[in-house]
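Readers should treat all values here as calculations from the given coordinates under stated rules, not as data from a laboratory. Please read all numbers here as calculations on a predicted model, not as lab measurements. Cβ: placed from backbone, ideal geometry, glycine included. Neighbour counts: every protein chain shown.
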Amino acid sequence: MSAHARTLPGMHPPSPSPPAAAPAGHGGVRRGRLARWVARWGTAVAVTTSACSSIMAVAYIDGPDAPLSNMSMLAFLVGATLAGLLVLRRKHPVALTLGASAASLLLQLDSFAALLALSWVVTTARARTAVLCGVAAGSATAVALVRDLAREPGGRVFAVHDTVTGELTSYPGPWEFLVWGVVLVAAAVGAGLLRRFRAAADDSRAAQATAVAVLQDRMTRQEERELIAREVHDTVAHHIAAISLQASAIEVTHGDPETKQAARQVRASAQHAIAEMRSLIATLRTGDETGMPGASLEDLVPLLDGLREQGHTVSGTVFVSDAEHAPTALTRATFRIVQESVTNALKHAPGAPVEVNVRAGRDHGVHVRVSNPLVPGAPTFPGTGSGVTGMVERAEALGGRLVVEPGPDRYTVTADLPWAAVPAT
């Protein structure tokens, strides 16, 4: 194994994610600015209208011509405060609706602020909360209208004095009051529902756009996998097949028994590599990993025996229990980690003994330790480090951990994997 490898803690395998949304064009920027401008002016209009409505309601508490009483002054302050608090109607609509409704009932204020806040309750809150706030705001509206209707005609908010005839007419009449109450509450609820439906439609469009982006990303990935599969089939598989044929020819024509045995091992390894490559190509083309070679924990002993038959010094112990019940992802990861670790040891420390220890069971999970002494002056083989990275990613994907420990005289790989896969966080 290469002495420059390092521990990669906390690394997680990359997972496909939706591509980032494209930056908004000039049209989207203009729409955003327009929405902010409308929101600011809407808030200003709501605050101003509510303040004017409260002033009008306060003016008629003691009568149009009577001086303001202490109760009227308190109502004026509360009404002005509620009007100012309408800037928070999007963040705290429930509290504002209930507070404005209570103020209207107790201080003879109007219910305009409560109705404005109610529309945002309908937009953002659950149905039960919206019904509760609707009852409160509706009650405040009904009481305010009935209270105005109960006054003398000349003391009502909407009273018109004809200067020519001297007649005094108040609007609306009893039935019109009922209609006005229904219309006001319905308008508040309707505005809230309209915003709610528009928000739901926007969310639906965003979800559809995300789904389309994910589908396009998957199609692109599949095209890339198919391209890789074609290249592997046309190049790597061809060369491995040629190696197998050449090894077969040497096995048949050469008279030296050791050479025959070496050629036989090369041919068997090449044929095994071709079989695995065919499964890999099928997986790349279909995206279904169920067709990949099913390396199991029981294959570890034959793997090490095969290396010893090839003349390598490989020792160690393999203790496995409940191998038939081990999860497929766990068995595949364990086999590949052991295989890659031993291969790296034989590659970077040729001739050095390799010690392999594997303990696997349902109660304690899987523990792998592969160690080899460093060989001074060993040839250096080029590499990208992707093998070590791949082992770390396999372990992290199962919620386990793999540590590479390059010491002064030994190189050790240790992996601990849970029996049941734990999603990486």
Query raised in the report: Based on the Cβ-Cβ distance of M73 and V146, what FRET efficiency does E = 1/(1 + (r/R0)^6) give at R0 = 25 Å, to the nearest 0.05?
Result: 0.55
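Once you list every other residue whose beta carbon is under 15 Å from the beta carbon of V266, what net charge do they have if Lys and Arg are +1 and Asp and Glu are -1?
On the way: positive: K260, R264, R267; negative: E251, D256, E258, E309.
So the surrounding residues net to -1.
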Requested in this report: Output the relative contact order of region 185-343, whole-number percent, from Cα pairs under 8 angstrom with separation of 6+ residues.
Outcome: 18
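Give me the number: length gained by fully extending A35 to A241, i.e. 0.36 nm times residue separation minus the C-alpha to C-alpha distance, one decimal in nm. Display every interim value, and only then the final one.
Values: separation 206, 0.36 × 206 = 74.16 nm, distance 6.57 nm.
Gain on stretching A35 to A241: 67.6 nm.
Compute the normalised compactness of region 295-425: alpha-carbon radius of gyration over 2.2 N^0.38 Å, N being the residue count.
Values: Rg = 14.5 Å, N = 131, 2.2 N^0.38 = 14.0 Å.
Rg over 2.2 N^0.38 Å, computed on Cα atoms: 1.03.
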Query - Nitroxide proxy distance, nm - points 7 Å out along Cα→Cβ at E224 and D322 - result: 3.8
Query raised in the report: What are the ³J(HN,Hα) values, in whole Hz, obtained from phi via the Karplus relation 6.51 cos²θ - 1.76 cosθ + 1.60 with θ = phi - 60°, for each residue of region 255-264 in sequence order, with x given for Gly and Pro?
Result: x, 6, x, 5, 5, 4, 5, 5, 5, 4
Requested in this report: Compare the peptides 231-237, 368-374, 110-116, 392-398 by average per-residue count of other Cβ atoms within 10 angstrom and give them in order, highest first.
Outcome: 110-116, 392-398, 368-374, 231-237
**Report entry** Förster radius 22 Å - calculated FRET efficiency between K347 and V232, Cβ distance, rounded to 0.05
**Finding:** 0.55
Query raised in the report: Given a Förster radius of 35 Å and the C-beta distance between R205 and T129 as r, what FRET efficiency does 1/(1 + (r/R0)^6) yield to the nearest 0.05?
Result: 0.85
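What does the charge count near G316 come to, summing +1 for each Lys or Arg and -1 for each Asp or Glu among other residues with Cβ under 9 Å from its Cβ?
On the way: positive: R369; negative: E355.
Net of charged neighbours comes to 0.
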Report task. Kindly put M391, M277 in sequence by how many other C-beta atoms sit within 10 Å of each C-beta, fewest to most. Result -> M277, M391
Query raised in the report: Measuring from label point to label point, each 7 Å out along Cα→Cβ, what is the D217 to V403 span in nm?
Result: 3.4
Report summary line: For V354, the residues 5 or more places away or on another chain with a placed amide H closer than 5 Å to its own amide H are T313, V314, S315
Report summary line: Pseudo-spin-label distance S248 to R198, built 7 Å along Cα→Cβ, given in nm, is 7.4
Report task. Sort F177, F319 so the one with the fewest other Cβ atoms within 10 Å of its own Cβ comes first. Result -> F319, F177
Requested in this report: Using a/c under 1.5 as the rounded threshold, could you call region 83-136 rounded, prolate or oblate? The axes a ≥ b ≥ c are square roots of the C-alpha gyration tensor eigenvalues, and prolate needs a/b larger than b/c, oblate otherwise.
Outcome: oblate
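Would you order L227, L96 from fewest to most other beta-carbon atoms within 10 Å of each residue's own beta-carbon?
On the way: L227 11, L96 24.
Starting with the residue having the fewest Cβ neighbours, the order is L227, L96.
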